[in-house]
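Undergrad: My questions will all concern the structure given below.
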Amino acid sequence: MLWSFWAAKEAVYKVLLKKNGHTAFIPNRWSVRYRDFQDLCEGDFALRSGCREGEVGIPGSGNVYIRLFTYPSYVHCIASDKSESLNRIVARVDRLPRQENSLRTDPSLFVRSKLLRCLARHFHLAARDMNIVREPQKDGLGPPLLYIAGVRSAIDLSISHDGCYVAYAYLDRSCRIFHKAMLDRAVAQIPFSLT
């Protein structure tokens, strides 16, 4: 249960960073409230037993909405500042390849590669035309940004890795912005926050 709370608070922290540009990570002041999730879409029956939704209350900032997936070997949490956006987040968790001949897979490169392939399939674009960048900021690197054909996209991304697992998520707004004739408009869309 401890890992569930930690995953939720870490996901919320990423949302707050994207929304505010900076925020203090004070998890002991944030209240997490879970409830069982009853409304998974038809293709997600396998997730039903390990899925909970809830919100994290942030003093002075309101709530951030969360969906937590628990499995025997890991927990994964997605979060958004808008509850309705949770149903539009595409999230995946993958295991790093087993190390052979003492070659170590770079988890950061691996998760970026997996995410780019997923985005390419989803939006019918060439992965080679996309790039994920974390730009330097005053306090370190900023959140991941997607560039398509050299132009910054408004697709909201999240990537993470821990141990032998990598995870990525993005907000699916394909019904509004993603087909080739409307690609230029994607840059002008206002991103949602997720993690």
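None of the figures in this text is laboratory data; all of them are computed from the coordinates on show. As the structure is a computational prediction, the values presented were derived from the model and not from experiment. Cβ atoms come from the backbone with ideal geometry, glycine included; neighbour counts cover every protein chain shown.
Undergrad: Using a 10 Å cut-off around each Cβ, can you sort R92, R29 from fewest to most neighbouring Cβ atoms? It would help to have the intermediate numbers written out before the result.
TA: On the way: R92 14, R29 11.
If I rank by nearby Cβ atoms, fewest first, I get R29, R92.
Undergrad: Let me ask something additional. Give me a comma-separated list of calculated 3J(HN,Hα) values for the range 155-172, in order, Karplus coefficients 6.51, -1.76, 1.60 applied at θ = phi - 60°, integers in Hz, x for any Gly or Pro.
TA: These are the phi-based 3J(HN,Hα) values: 5, 7, 10, 9, 9, 7, 8, 7, x, 9, 10, 10, 9, 8, 8, 8, 8, 8 Hz.
Undergrad: Continuing with this model, one more query. Return the subset of K114/K138; K19/K82; K9/K82; K82/K138 for which the Cα-Cα distance in this structure is over 22 Å, preserving the input order.
TA: Values: K114/K138 28 Å; K19/K82 12 Å; K9/K82 16 Å; K82/K138 27 Å.
From the list (K114/K138; K19/K82; K9/K82; K82/K138), the Cα-Cα distance tops 22 Å for K114/K138; K82/K138.
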